[in-house]
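Trainee: Structure incoming, see below.
The values are calculated or read from the model by the stated rules, or taken from the named source; none is laboratory data. Please read these numbers as outputs of a predicted model, since none were measured by experiment. Methodologically, a virtual Cβ is constructed for each residue, glycine included, from the backbone with ideal geometry; neighbour enumeration extends over all protein chains shown. Heads up: the accessible areas ignore ligands, DNA and RNA and are worked out on the full protein's heavy atoms, side chains in. Shrake-Rupley method; radii C 1.70, N 1.55, O 1.52, S 1.80 Å.
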Amino acid sequence: MCRFCGIVDFRKKIIDKSTLSRMNNSMSHGGPDNEGYFYNNSNNFNIGMAHRRLSIIDISKAGNQPMVYNDHVIVFNGEIYNFKEIKSQLEKLNYEFKTNSDTEVILKAFFHWNLKCFEKFNGMFSIVIYIKNEDKLILARDRIGVKPMFYYLKDGLFLFSSEIKAITMHNLFDGEINISSTPHFLSKGYINESSCIYKNVKKLQPSTILILNSDSSFKIT
């Protein structure tokens, strides 16, 4: 069900579109129906966001991602089971909708309730929302961790994706192996908690939100 990836470059570099395209296309198996891109270059927050879509809810082009509403931009993987109920709440608050997608509901729910919106969602999801006027990026993962979310931060380069492979496609990716994770992998067949096989790649934990600021600092709650 869909894939996404993105680049935030704090080194004052313009996002290389060919690099983001290579990252995104490495996940085409998860989103064969459409691909989309968003770019924004500012003094503090140079960002590119990409999405591969598997059309399930509202298969029209109107449901393509990245999706923009005012100064908010979203890429999303998953499904919100109660999105119609949340949509009804927002309509009573005078929000209008152009699609029948759960993506638009997430985007406008975040615009209205901010981080509190995640408490309303019943579903499986990994969500990334960029707030342009605040130069802030929000990463969120569902309560159980059904949908994956990986991120990388080193030397002023922040990468995120729903698959590790996309992150490794960036030409500045440091693929140093996380030696401390190998005993757990060899004994259990997987790597526990937030660690990954690569030293500089982390898993966002279930029921967790990461807030990335314009100075490259971040907070996890």
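Trainee: Give the accessible area for Ile14 in Å² (nearest 10); use a 1.4 Å probe, count only protein heavy atoms, and leave out ligands, DNA and RNA.
Mentor: Ile14 has an accessible surface of roughly 130 Å² with all protein chains in place.
Trainee: Over segment 69-158, average the accessible area per residue using a 1.4 Å probe and give it in Å², no decimals.
Mentor: Ligands and nucleic acids excluded, the result is 43 Å² per residue.
Trainee: Taking 28 Å as the cut-off for C-alpha to C-alpha distance, list the pairs among Lys17/Lys136; Lys147/Lys188; Lys17/Lys116; Lys116/Lys165 that go past it.
Mentor: The answer is Lys17/Lys116; Lys116/Lys165.
Trainee: Next up: Per the 1.4 Å probe, what fraction of the accessible area of the chain, in percent, lies on carbon and sulfur atoms?
Mentor: Values: 5070 of 10330 Å².
On the chain, the fraction of accessible area on carbon and sulfur atoms equals 49 percent.
Trainee: From the Cα gyration tensor of segment 70-119, with a ≥ b ≥ c the square roots of its eigenvalues, which class applies: rounded if a/c is under 1.5, or else prolate if a/b is larger than b/c, or else oblate? Working shown, then result.
Mentor: On the way: a/c = 1.21, a/b = 1.08, b/c = 1.11.
Rounded, since a/c falls under 1.5.
Trainee: Size of the dipole of segment 11-53 about the Cα centre, Lys and Arg at +1 and Asp and Glu at -1 on the beta carbon, nothing else charged, in debye to 20?
Mentor: I would put it at about 220 debye.
Trainee: What do you get for Rg/Rh over segment 131-176 if you use C-alpha atoms and the Kirkwood form of Rh?
Mentor: 1.02
Trainee: GNM, the chain, Cα, under 10 Å: largest mean-square fluctuation among Asn178, Asn94, Asn82?
Mentor: Asn94
Trainee: Mind checking which of Gly30, Gly175, Gly78 has the largest fluctuation in a GNM of the chain, springs on alpha carbons under 10 Å?
Mentor: Gly175
Trainee: Compute a Gaussian network model of the chain, connecting alpha carbons closer than 10 Å, and tell me which residue from Leu137, Leu107, Leu90 fluctuates the most.
Mentor: Result for the chain, Cα springs under 10 Å: Leu90 fluctuates most.
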